[in-house]
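Accompanying notes for the structure given below.
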Amino acid sequence: MEYRKRMFRGAKIEDCIKDFIQMEQVTREQVEKDTGELQTISKGMNQAYRNVVNRMVRDFEYKKEELAMREKIEEAAKLFQQLAQNNRELSQKSLYESIQETYYKSDIPEEAIEELKNTPREFHEGMFEGLSFAYEQAAAYLAIVLQGEQTVNEKSINFVIDQINDNHLMKQDKFGEEAKTYQQGFVQGVKSGFGISRIELEKKFNRTA
């Protein structure tokens, strides 16, 4: 049994259980649609898939709560990866240029737009690349949790949030109003990206500070 646990633990067993759960759900729906002999067959298949899921959960000490937690972590990682990609694309143009193309431009105060226009292009580039970096790091921290052999639970999220808080860029002092360089924009972007990532994780996993 221990050998089997070592061979099928982690992602492989999760994928198997997910597949059987999905098939159990499909056959359960089929039972409601079928009649006569087909309904009998669907009932038998549904019961078989249910037995397989229960047996796998029991034999491999698998907890449904952990599966749900892993799915939520995967969703968060995908979100951060997408945000990283979005901000990489935004770094190719200044924030002022991006605003000129937005549908909601009229909602932005003219003085704010004018200030952005006078802000150096490299500052905007650094800010968006900093945001992208922070989201990539947050996704990487989540990947470490998913790839580890330990049980995934609330402590796993605490670990990720601690990594975000302990990142050395988060500890850098904020720049004043004269922040104009690429480096200043990058640090500001990183701090903002990590801050948003932390809030998103706390909200998604109902974690209070």
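The values are calculated or read from the model by the stated rules, or taken from the named source; none is laboratory data. Remember, it's a predicted structure, so these values are computed and weren't measured experimentally. Ideal geometry is used to build each Cβ from the backbone, glycine not excepted, and the neighbour counts take in all protein chains shown.
Considering the stretch 163-175, the residues that are within 12 Å of residue 198 (Cβ to Cβ) and surrounded by 13 or more Cβ atoms within 10 Å (Cβ to Cβ) include one that is farthest from the chain's Cα centre (by Cα), namely 170.
Can you name the residue in the stretch 116-132 that is over 30 Å from residue 144 (Cα atoms) and surrounded by 12 or more Cβ atoms within 10 Å (Cβ to Cβ) and, of all such residues, is modelled with the lowest pLDDT? Checking each candidate, the answer is 116. Test residue 104 against the criterion of being among the hydroxyl-bearing types (Ser, Thr, Tyr), at pLDDT below 80 and either surrounded by fewer than 12 Cβ atoms within 10 Å (Cβ to Cβ) or at positive phi (or both), and give yes or no. When the stated conditions are applied, residue 104 passes them. Scanning the stretch 32-51 for residues that are of a type in the set (S, T, N, Q) and out of contact with any helix residue (DSSP H, G or I) (no Cβ under 7 Å at 6 or more places or on another chain) gives 35, 40, 47, 51.
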